[in-house]
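Below is one structure; the comments refer to it alone.
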Amino acid sequence: MRRTLPFALVTGVGFFMLVQYFVPKEEFEIAYEWILDWTIVIGCFAMLLGLWSLTRVNISKVQRKTPGWGYSLIAIAGMVFMLLVGFIPGQKSLERGSTFMLLFEYIYIPIQATMFSLLAFYIASAAYRAFRARTVLATILLLSAIIIMLRLVPLGPLSEINQWLANFILTVPNMAAKRAFWIGVGLGVTATSLKILLGIERTYMGRD
Amino acid sequence: MGTEEIIWNGVAAFLVLCIYTFLYKDTPLYKFAEHLVVGVSAGYFAVILYYNGFVPKLITPLKQGQWVYIIPAILGMMMWTRFSKKWSWLSRFSLAFYIGSGTGFAIPLYMQNYVLRQFSSSMLPMGFSSWALFCNILIIIGVLSALVYFFFSKEHTGIFGGTAKIGIWTLMIGFGAGFGLTVMGRISLLAERVVFLREYLLELKYYLYLLFKYGLPL
Amino acid sequence: MKKLCWKILLLPLFIYFIFFSYSLASETETSAEIISATQWFNPQRINVFIILIVFFAFVLYFIQKAKKGGSLFVRRIAGLDAIEDAVGRATEMGKPILYISGIEDMDNLQTVASMIILGNVAEMVAAYDVPLLVPVCLPFVVTVAEEAVKQGYAKAGRPEAYNRDNVRYLTSEQFAYAAGVNGIMLREKPAANFMFGSFYAESLLMAETGLSTGAIQVAGTANIHQLPFFVVACDFTLIGEELFAASAYLSREPKLLGSLKASDLAKFLIMVMLVLGVLLETFGITKFTSWFFVQ
Amino acid sequence: MNFYERMMNLDRRWIYLVIGLVVVITAIFPFDVPLYVTPEVRSIYDYIESLNPGDVLMIGVDYAPEVMAELHPMTYAISRQCFKKDVKLLLCCLHQNGPGMVEQVISQVSKEYNKINGVDYVYLGYKPYPGITILAMGQNFRIPFPEDYYGTPLDSLPMMRGLTNFDNVKAIINISGGSGTELWINFANGRYNAKLAIGVTGVMTSDYYPFLQSGQIFGLIGGMKGASEYEYLAEKDGYISRAKNQLSAYKTMPIQTTSHLVVILFIVLGNIGFFMSKKKKSRI
C-alpha cells in the first residue's frame, strides 16, 4: 500500500492532465487550473523542508566546528534575518524601500549579477582551452564558433563574406541540428513520461 | 545620491568585488559573499513563495469558501511527515501528485511543440533552381543524419555509422554557433558591471568632495 | 494481475478517444476556427492524438516483447560508461563525488531522469567509503534525491552508509546556487562531478570551476543552449535524448530498454514521413505537411 | 617545458586578467566601430525612410524588462526615426509585463518631438491571448481595443479616423522577446497579408531567418548587434544623437568588438601553441 497507492495517484493525475489537453470542456479547464494551483501550494509546503535542510547542515557544521564554520553562521544569519524582515511587516515588506527589498536589491541582485558576469571570463578561458584543432569534431566546433564571433569584428570587405557564412551556419546546419535535437528530446520525454505513468519506471519513489 | 544610497551602493560594490576575487582564487571574501547570498536568497525565496504562492493559491481560495483547496493543504502537510521516520512514506502522495501532473502535462506538450512542430517545419520543398531550395536539401540531410545519431538500437558502423558521423558534425556546428552567439551576451553582462562600479566611484568622489568642501551630510 | 489492471485502465480511455476522434475527424476542416463548448474532443489536436496513440502502441509493444525475452541491443553510450570509470577513480583517490541535478523542479522530466541516474550512481558509490554530495536547488527535489540515494545504498546492501547531510538544500535562486556549488567544488575537492538535468546559464560557471579542480566531469542536458558549454568543459557529455536513455542503459532492465526501441522506431517513421513530406512539398502538395501543424 | 607548451598550458588567470583589462579600458576609452550593416536590418530602415509624412506605422511591443537591454534600443530608434519623419505611430503590447515598456518609450520620445497623443500616436494598450488579439485586430482595432491605454475611446482619437485594421497601416514592426513573434507571422502576415518585420533577442535570431528567406517578413533586427546596426544607420542620418545619449546599443559595440577580438586571438594563439608543440614532438 505504501507504494501502490502513490503510484496509482501518479497514473490518475497524469492521465487526467494528458486527457484534458484534448478535451475542450470547461469543467476540465477548471480542474486543470486547480491542479496547477495545487502543485504550487505543495511546493510552498515543501519549502519548509528546504529551509530545514539548509539550517540542519549549517548548524551541524557550526556544532562540529568544521573548518569555515563561521561562514555557515553567516548563511544562517542571512536566512533568518531575511525571513524576519520578510514576515514581520506582512505584505508591506514587498513594497519598494522596505528593509526586505533593500536587502534584495543591494545584496542579492549585485551578487547574482556579478556571478552571471563571471561567465564573460569563463567563456574566454573555455574558448582558449577547448578550441584546439585536435580532432575533426573539435575543429568543426572551433571554426563554427569563430565565424560567428567574427561578425562583431570589423573586417572591411571581408565582413560581407563572413556575414554570409555566419548566416549560412545559423540557418542551415544550426537549424538542422536544433530540429533533430528537439525531435529526439520530445520522443525521450514522451517515452519517459509514459513509463512513469504506467508505473514501469518507479525508481524515483524510493523503497519501503 | 544621498547618504543612504551611497552606503547601500557601497555595500553592493563591495560585494561585487568580493565575488570577483574568486577569479584569482577561493578567498575569504568570496566565501563570505557566497554564504551570505545563499542564506539571503533562500530566505528571499521562501518569503516570496509565501506571498505570491501560498497566500493567493491557498489562503485566499479557502477564505472564499473553495473547500476543495483543502486537498493541496493536506497533500502539502504530508510533505512534513518526512520529519518522522515512521510516517515519512505519506510524503509520497504529495510527490506522486506533483510528478504525475508534471509528466501528464509534458506528454502532449512535448509531442506538439518538440516532435510535431519541428518535424513538420522541416518538410520543405527542395530543388536546385535557387539557393534557398538548395539550402533546404542541406537542412533535410542534416536533420536526417542527426536523427540517425540518436538511434540507440544499432551500432554506429558502416553506412549507418557514416551518416551518424555527419549527424554529430551537424550537431557540433550548431553547438559552435551557440557558443559564438553567447559570447556577446556574457560580455555585455561584464560591461554592465564595469559601468556600475565606475558610476559608483564617480558618485562617491562627488559625494566626498561635497562632504569635505561643505561638510554637509546630504 | 497487475498487467490486467493496466489494460483495464487503458482500454476504455483508448476506445473513448478513438470513437470521438472518428466522429469529429470529418469536422476538422470546417470547424477549425471555433471550438464549441459542448465538444468532447478538440478536433484541431487530432494529429497530436493519433501520433501519441501510435507512439504509445510502440512503447507497449516493445515492453511486452522485452518481457518475453526478445533480444534488445543498445549501442554504447560513452558518457554513461564514463560514469562508472569516474566513480572508480574517485574511490581510488578517496575523494568525494558531486552530483548536480540542474535547477528545475520535479515537474521537469529532465530532473526526473536525473534522479533516476542518481539512484544508479548511488548504487555504484555505496560499495566504497566515499561521500556522494548532492547539493540541491529546490526543496522538492531534496526529498526525491534523498529517497534515490537511500534506495541506491540499500540496493547495494549498505543502507547504513547513507549520510543524510550529504543530500542538502542550498537555495532556489540560480546564481546563488551556482556560487554555493562552486564553493563545494573548491573546498571539498570532489574527484568526479556529475551534472545531469536541466541547466541554464550556470552550466559554465560550474563546469569551468569543476575543471579547474581537476575533477572528471560527465554532464548531460536537454537544454540545447547549454550543451556547447558542457561539450567544451566536460570530459563526456550526454546530448539531449541520451539523457533520457540513461535510466534504461544503466539499469539494463529489459522493460526500460523496450522504450528505447520504441523511440527508435518512432524516429525511423519520422524520417520516412519527413522524406515523403519533402517530396510532396517539392511537387507542390502541401496537404500532408499542413496536417501536422498544430494550432 | 618549452615556450609553446607553456603557452598551451597558460594559467587561466592570465586570460581573466586580459579580458578584464580589455573591457575596462574600452569602457573608459571608447572608439568608433565601423559597423557592417546587414541587409535584413537595412531593409527595415530603408522602408521607414521611404514613408511619407502622415503615413501610419504599427509597432507591436511584446517584451518584459528582462530583455529590455537588447530590445529597448530598437523601439527607441524606430520611434525616433518615425517621429522625426512625421510618420504616425500605432502601438500595442501583447506581453503581460510589457505595457510599462511602451509607456516609457512613447512618453519620452513624444516629448522630444512635441508629438501629441491621439494625433501623432496612439497607444492601444495590453490585451492577453496574443493570437486572438492579433486576429481580431486584423478585423478591426476596435474589437480588442475599444479604448486606448489611457482609457479614451478609439473613435474619439483624431488619428484613428480611417484607421480600421492592418490594411490601413503601412507596415507592422513586431519587437518581441518571446513566442509572440510567430503569432504575428502566422496571423498578421499569414492571414491578413500585412507587411511585417521583426526585432528579436540574440538567442531567437537564428530561428527567424527562414521567414526572411520565404518573404513572410521583410526585415529582421537581431539582438544587440542588430539594434546597434540600426542605431548606427539612424545616427548617420541624424535621427538620434550621441550628444543626447540616445545610442544605447551602439555604445556597447566597442567593448564587444575588442573583447571578441581578444577571445579570437586567444583561440589562435592556443592553436599555434598546439601545432608547434606537436611539430617539435614529432621531430624528436
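Scanning the range A:172-202 for residues that are at the interface with chain B (Cβ under 7 Å from one of its Cβ atoms), surrounded by fewer than 24 Cβ atoms within 10 Å (Cβ to Cβ) and over 21 Å from B:GLN112 (Cβ atoms) returns a single hit, A:VAL172. Can you find a residue in the range A:37-58 that is loosely packed, with under 15 Cβ neighbours inside 10 Å and among the β-branched types (Val, Ile, Thr)? Checked against the condition, which is being loosely packed, with under 15 Cβ neighbours inside 10 Å and among the β-branched types (Val, Ile, Thr), the range A:37-58 yields no hits at all. Any residue at all in the range A:107-123 that's touching a helix residue (DSSP H, G or I) at 6+ places or on another chain (Cβ under 7 Å), more than 16 Å from B:TYR44 (Cβ to Cβ) and in the same structural domain as A:LEU54 (by TED's automatic domain parsing)? No, the range A:107-123 contains no residue that is touching a helix residue (DSSP H, G or I) at 6+ places or on another chain (Cβ under 7 Å), more than 16 Å from B:TYR44 (Cβ to Cβ) and in the same structural domain as A:LEU54 (by TED's automatic domain parsing).
Screening A:MET1 on (1) outside any helix (DSSP H, G or I); (2) at the interface with another protein chain (Cβ under 7 Å from one of its Cβ atoms) shows it passes everything except condition (2). Against the condition at pLDDT 85 or above and outside any helix (DSSP H, G or I), how does C:ARG76 come out, does it pass? Here the answer is yes, as C:ARG76 does meet what is asked.
Filtering the range A:146-164 for residues that are at the interface with chain B (Cβ under 8 Å from one of its Cβ atoms), free of Cβ contacts under 8 Å to residues at least 12 places away in the same chain and under 23 Å from D:ILE267 (Cα atoms) leaves a non-empty set. Counting only helices (runs of 4 or more DSSP H) wholly contained in the range C:89-195, the ones carrying 2 or more residues that are within 27 Å of B:LEU23 (Cα to Cα) occupy C:174-188. Report yes if B:TYR98 is under 24 Å from the mean Cα position of the chain (by Cα), under 30 Å from A:PHE181 (Cβ atoms) and either at pLDDT 90 or above or in the same structural domain as B:CYS18 (by TED's automatic domain parsing) (or both), otherwise no. Yes. Of all residues in the range B:1-15, those that are more than 9 Å from chain A (Cβ to nearest Cβ) and within 16 Å of B:LEU208 (Cα to Cα) have Cβ atoms under 8 Å from Cβ atoms of residues that are among the charged types (D, E, K, R) and surrounded by 12 or more Cβ atoms within 10 Å (Cβ to Cβ), 6 or more apart or on another chain, in B:MET1/B:GLU203; B:ILE6/B:GLU203. In the range C:167-215, of all residues being among the charged types (D, E, K, R) and without any contact (Cβ under 8 Å) to a residue 24 or more places away in the chain, the one that is nearest to A:LEU119 (Cα to Cα) corresponds to C:GLU173.
For the range C:42-63, the condition holds for at least one residue, the condition being that it is modelled with pLDDT under 85 and within 11 Å of chain A (Cβ to nearest Cβ).
Within the range B:30-56, residues that are without any contact (Cβ under 8 Å) to a residue 12 or more places away in the chain reach partners that are assigned to a helix (DSSP H, G or I) and among the basic types (Lys, Arg) with beta carbons closer than 9 Å, at six or more positions or on different chains, in the pairs B:LYS31/C:ARG187. Total residues in the range D:253-284 satisfying the condition of being farther than 16 Å from B:GLY180 by Cα, more than 9 Å from chain A (Cβ to nearest Cβ) and without any contact (Cβ under 8 Å) to a residue 24 or more places away in the chain: the figure is 6. Filtered by the rule that a residue be more than 8 Å from chain B (Cβ to nearest Cβ) and closer than 20 Å to B:CYS135 by Cα, the range C:249-271 gives no residues. The set of residues in the range B:106-138 that are facing chain A (nearest Cβ under 8 Å), buried (at least 17 other Cβ atoms within 10 Å of the Cβ) and more than 26 Å from the chain's Cα centre (by Cα) comprises B:PHE119, B:SER122, B:CYS135, B:LEU138.
Residues checked against (1) more than 18 Å from C:ASP105 (Cα to Cα); (2) crowded, with 20+ Cβ neighbours inside 10 Å; (3) β-branched (Val, Ile, Thr):
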residue	(1), (2), (3)
A:VAL10	no, yes, yes
A:TYR21	yes, yes, no
A:PRO24	yes, no, no
A:PHE28	yes, no, no
A:TRP34	yes, no, no
A:GLN63	yes, no, no
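The set of residues in the range A:44-90 being in contact (Cβ under 8 Å) with a residue 24 or more places away in the chain and among the polar types (S, T, N, Q) consists of A:THR55 alone. Scanning the range D:122-135 turns up no residue that is over 29 Å from D:GLN216 (Cα atoms), part of a loop (DSSP other than H, G, I, E, B), free of Cβ contacts under 8 Å to residues at least 40 places away in the same chain and not aromatic (Phe, Trp, Tyr).
Residues in the range C:204-218 that are in a loop (DSSP other than H, G, I, E, B) and surrounded by fewer than 24 Cβ atoms within 10 Å (Cβ to Cβ): C:THR213, C:GLY214. Looking at the structure I just gave you, is C:VAL144 within 7 Å of another protein chain (Cβ to nearest Cβ), under 22 Å from the mean Cα position of the chain (by Cα), buried (at least 24 other Cβ atoms within 10 Å of the Cβ) and at pLDDT below 95? Answer is yes for this residue.
In the range B:26-47, is there at least one residue being assigned to a helix (DSSP H, G or I), facing chain A (nearest Cβ under 7 Å), in contact with a helix residue (DSSP H, G or I) (Cβ under 8 Å, 6 or more places away or on another chain) and surrounded by fewer than 19 Cβ atoms within 10 Å (Cβ to Cβ)? Let's see the steps before the verdict.
Pass one, the range B:26-47, residues assigned to a helix (DSSP H, G or I): B:28-47.
Now restrict to residues that are facing chain A (nearest Cβ under 7 Å): B:31-33, B:35-44, B:46-47.
Checking the rest, the ones that are also in contact with a helix residue (DSSP H, G or I) (Cβ under 8 Å, 6 or more places away or on another chain) come to B:31-33, B:35-44, B:46-47.
Next, only the ones that are surrounded by fewer than 19 Cβ atoms within 10 Å (Cβ to Cβ) stay: B:32.
Scanning the range B:26-47 turns up at least one residue that is assigned to a helix (DSSP H, G or I), facing chain A (nearest Cβ under 7 Å), in contact with a helix residue (DSSP H, G or I) (Cβ under 8 Å, 6 or more places away or on another chain) and surrounded by fewer than 19 Cβ atoms within 10 Å (Cβ to Cβ).
So which of A:LEU137, A:LEU155, A:LEU170 ends up being within 17 Å of D:HIS260 (Cβ to Cβ) and part of a helix (DSSP H, G or I)? Spell out the reasoning first.
Values: A:LEU137 fails: within 17 Å of D:HIS260 (Cβ to Cβ); A:LEU155 fails: part of a helix (DSSP H, G or I).
Sole residue among the options that is within 17 Å of D:HIS260 (Cβ to Cβ) and part of a helix (DSSP H, G or I): A:LEU170.
Flag: C:GLU33 matches the condition of being exposed (fewer than 12 other Cβ atoms within 10 Å of the Cβ) and at pLDDT below 50. The residues listed here are A:SER60, A:SER53, A:SER72; of these, the one that is under 24 Å from the mean Cα position of the chain (by Cα) and at the interface with another protein chain (Cβ under 8 Å from one of its Cβ atoms) is A:SER53. Per the listing B:LEU204, B:LEU147, B:LEU181, the residue uniquely closer than 30 Å to B:ALA13 by Cα, without any contact (Cβ under 8 Å) to a residue 24 or more places away in the chain and in a helix (DSSP H, G or I) is B:LEU181.
Beta carbons closer than 9 Å, at least 6 apart along the sequence or on distinct chains, pair a first residue in the range D:2-16 that is more than 10 Å from chain A (Cβ to nearest Cβ) and outside any helix (DSSP H, G or I) with a second that is surrounded by 16 or more Cβ atoms within 10 Å (Cβ to Cβ) and of a type outside the set (S, T, N, Q) for D:ASN2/D:MET276.
A single entry from B:ILE159, B:ILE168 fulfils the requirement of being surrounded by fewer than 24 Cβ atoms within 10 Å (Cβ to Cβ), touching a residue at least 12 places away in the same chain (Cβ under 8 Å) and assigned to a helix (DSSP H, G or I): B:ILE168.
One residue alone among D:GLY222, D:GLY177, D:GLY238 is closer than 23 Å to A:SER144 by Cα and in the same structural domain as D:GLU70 (by TED's automatic domain parsing), and that residue is D:GLY222.
The values are calculated or read from the model by the stated rules, or taken from the named source; none is laboratory data. Remember, predicted model here, so these are calculated numbers, not experimental data. Here Cβ is always computed from backbone atoms with ideal geometry, including for glycine, and neighbour counts include all displayed protein chains.
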